[in-house]
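To start, the structure under review is shown below, and the notes come after it.
The values are calculated or read from the model by the stated rules, or taken from the named source; none is laboratory data. All figures in this text were calculated on a predicted structure; none of them were measured in a lab. Cβ coordinates were reconstructed from backbone atoms using ideal geometry, including for glycine residues, and neighbour counts include every protein chain displayed.
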Amino acid sequence: MSVTRHTKVLIIGSGPAGYSAGVYAARAMLEPLLVQGIEPGGQLTTTTEVENWPGDTEVQGPDLMIRMEAHARAMGCDIVGDIITSLDLSKRPFTAQSDSGTVYKADAVIMCTGARAKWLGLPTEEKFKGFGVSACATCDGFFYRGMEIAVIGGGNTAVEEALFLTNFASKVTLIHRRDELRCEKILEHRLLKNPKIETLWFHELEEVYGTDSPLGVEGIKVKHTKTDEITDLPVKGLFIAIGHAPASELVKDQLELHSGGYVNVEAGSTRTAIPGVFAAGDLTDHIYRQAVTSAGMGCMAALDAEKFLAEQD
């Protein structure tokens, strides 16, 4: 028999946006309920050093999220380890079905589901996922101690992963389809002066190959984007770091989306097209995508929800 829980504010997601929304909604005496989702803490739980969080010269991503969760709990936010599987925004109270069987009903919803790693979509990439192909250096880097590995991408994520992987690998090859990086200059400087990292410009992944029993990567084939020449790289691990896509599956048929799946909100607010539904963090932000901006939007969403509920009363 399923259990039904009612809350004034249901927060879906538990990254910086979700926990910040929880802090502010709890302080507003809205008794918020936060459902953490499949990855409690969000993307920062798969990050190592965070150097741009105000107040911390350097902090480990997982540690920061533990602190944010503890802060939200201390303020009175009810945090539940569950996964929302479907969401009905057609009428209030809004209804969310969960993996545990619990039904959550809410007068207002704050969507903070964030983003997930993108993949290239190659059949051989899919074949070796979890067996030499990864999208998380902090999760899997340890397994490649003393080995040669490769990273695909040219933005902040790719460069951060490549730098981190030098702690384990004997050599890291960064493969980028252009001839210049799209990362912050300080990261580019660190990468280019690191003796363990080699950059391979104007190349893209063509194929991953390896053993079948047991499954394991033995190398990759990359293609030059201008000449089509194929190069074979004998690497034991491949990390895909080409960015992230918003996790908007719950609302893709109910809310207006833009730029490949980001939830559209009113300028200067977190209000969506449905009154009482708010969106914050990487789910809606395709420009900044920083922990600090996500936290700020979580604050905004809680204040927007507080105002909305006050007007309803």
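What to note about this one:
- Some residue of region 147-163 being touching a strand residue (DSSP E or B) at 6+ places or on another chain (Cβ under 8 Å), part of a helix (DSSP H, G or I) and of a type in the set (Gly, Ala, Ser): yes
- Checklist (1) modelled with pLDDT under 95; (2) over 18 Å from the mean Cα position of the chain (by Cα) applied to Cys136, failing item: (2)
- Condition check for Cys77: in contact with a strand residue (DSSP E or B) (Cβ under 9 Å, 6 or more places away or on another chain), farther than 17 Å from Glu249 by Cβ, of a type in the set (A, V, I, L, M, F, W, C) and crowded, with 16+ Cβ neighbours inside 10 Å: yes
- Failed item in (1) at pLDDT 95 or above; (2) surrounded by fewer than 22 Cβ atoms within 10 Å (Cβ to Cβ), with Ala117 passing the rest: (1)
- Residue check: Thr270 meets all listed conditions (1) touching a helix residue (DSSP H, G or I) at 6+ places or on another chain (Cβ under 6 Å); (2) over 23 Å from Thr7 (Cα atoms); (3) of a type in the set (Val, Ile, Thr) but one, namely (2).
- Residues being surrounded by 13 or more Cβ atoms within 10 Å (Cβ to Cβ) and either closer than 22 Å to Ala26 by Cα or in contact (Cβ under 8 Å) with a residue 60 or more places away in the chain (or both) - total across region 89-102: 8
- Some residue of region 283-297 being at positive phi, crowded, with 18+ Cβ neighbours inside 10 Å and assigned to a helix (DSSP H, G or I): no
- Test set (1) assigned to a loop (DSSP other than H, G, I, E, B); (2) in contact with a strand residue (DSSP E or B) (Cβ under 6 Å, 6 or more places away or on another chain) - Leu10 fails condition number: (1)
- Options Asp228, Asp253, Asp232; residue that is without any contact (Cβ under 8 Å) to a residue 12 or more places away in the chain and either more than 30 Å from Gln97 (Cβ to Cβ) or among the aliphatic types (A, V, I, L, M) (or both): Asp228
- Unmet criterion (only one of (1) in contact with a Ser or Thr (Cβ under 7 Å, 6 or more places away or on another chain); (2) closer than 25 Å to Phe239 by Cα) for Glu58: (1)
- Residue within region 120-129 that is of a type in the set (Lys, Arg), surrounded by fewer than 18 Cβ atoms within 10 Å (Cβ to Cβ) and part of a helix (DSSP H, G or I) present: yes
- Only a single criterion out of (1) under 23 Å from Asn52 (Cα atoms); (2) in contact with an Asp or Glu (Cβ under 8 Å, 6 or more places away or on another chain) is not satisfied by Val235, namely (1).
- Among the residues of region 169-180, those identified as closer than 21 Å to Gly237 by Cβ and in contact with a Gly (Cβ under 9 Å, 6 or more places away or on another chain) are Ala169, Ser170, Leu174, Ile175, His176, Arg177.
Residues checked against (1) of a type outside the set (Gly, Ala, Ser); (2) in a strand (DSSP E or B); (3) touching a helix residue (DSSP H, G or I) at 6+ places or on another chain (Cβ under 6 Å):
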residue	(1), (2), (3)
Gly55	no, no, no
Ala72	no, no, yes
Asp82	yes, no, no
Ser90	no, no, no
Thr95	yes, yes, no
Ser100	no, no, no
Ala106	no, yes, no
Ile110	yes, yes, yes
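- Filter pass, Gly141 being modelled with pLDDT under 95 and of a type outside the set (D, E, K, R): yes
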